[in-house]
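To start, the structure itself, in structure tokens.
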Amino acid sequence: MIDEREALKAGNRDVLVGLKPVEPNEQLRAGAHLLTRGAVPSLEADQGYVTSVAYSPMLRQWIGLALLKRGRERYGEVVQVYDDLRNARMMAEVAHPCFYDRENVKLNG
């Protein structure tokens, strides 16, 4: 049964989360790594990575999805987004992966 799979119950597993840049005009990049605030980039400090990015016309900013260790426990936390290939660093807020109309109020509009 699915409930008996140890990996699905692991508290430190990677979980899908949403990301919003702290500075709304900054653009997230897929493949960037996530670190706690102030951490020096290293394999040991790595907390997860950005899986996809898109511009949201409704929110008027870039948003992303990421896999982050203990992700659901970290909603509201600000993490460091580090992309060594593009020499980019920024701060982003961990959020629910559904950014708009989570309660489906607009569904039947």
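Bear in mind these aren't lab numbers, they're just calculated from the coordinates by the rules spelled out. Note that the structure is a prediction, hence the values are computed from the model and not measured. Cβ placement follows ideal geometry from the backbone for every residue including glycine, while neighbour counts extend to all protein chains displayed.
Mean sequence separation of contacting Cα pairs (under 8 Å, at least six apart), scaled by the length of the range 10-95, corresponds to a relative contact order of 40 percent.
Based on DSSP H segments of at least four residues, each scored -39500 (n - 2.57), the chain has a per-residue ellipticity at 222 nm of -500 deg cm²/dmol. Each of R60, R89 has some number of other Cβ atoms within 10 Å of its Cβ, and from fewest to most they run R60, R89. With a bin width of 5 angstrom, please list the P(r) values of the chain as percents of all Cα-Cα pairs, from the 0 bin to the one holding the largest distance. Taking every Cα pair in the chain, the percentages come to 2, 12, 21, 23, 17, 11, 8, 4, 1, 0.
Residues whose amide H falls under 5 Å from that of R29, counting only those 5 or more places apart or on a different chain, are absent, with hydrogens built in the peptide plane. Scanning the chain for GluC sites (Glu not before Pro) lying in DSSP loops with no more than 13 further Cβ atoms inside 10 Å, the longest uninterrupted stretch between such sites is 45-102.
Would you order R86, R70 from fewest to most other beta-carbon atoms within 10 Å of each residue's own beta-carbon?
Taking fewest neighbouring Cβ atoms as first place, the list is R86, R70.
Distances between placed amide hydrogens fall under 5 Å for M91 paired with V22, E23, V81, all partners being 5 or more residues away or on another chain.
For the range 19-109, the set of chymotrypsin sites (Phe, Trp or Tyr not before Pro) satisfying both a DSSP loop assignment and a count of at most 15 other C-beta atoms within 10 Å is given as Y75, Y100.
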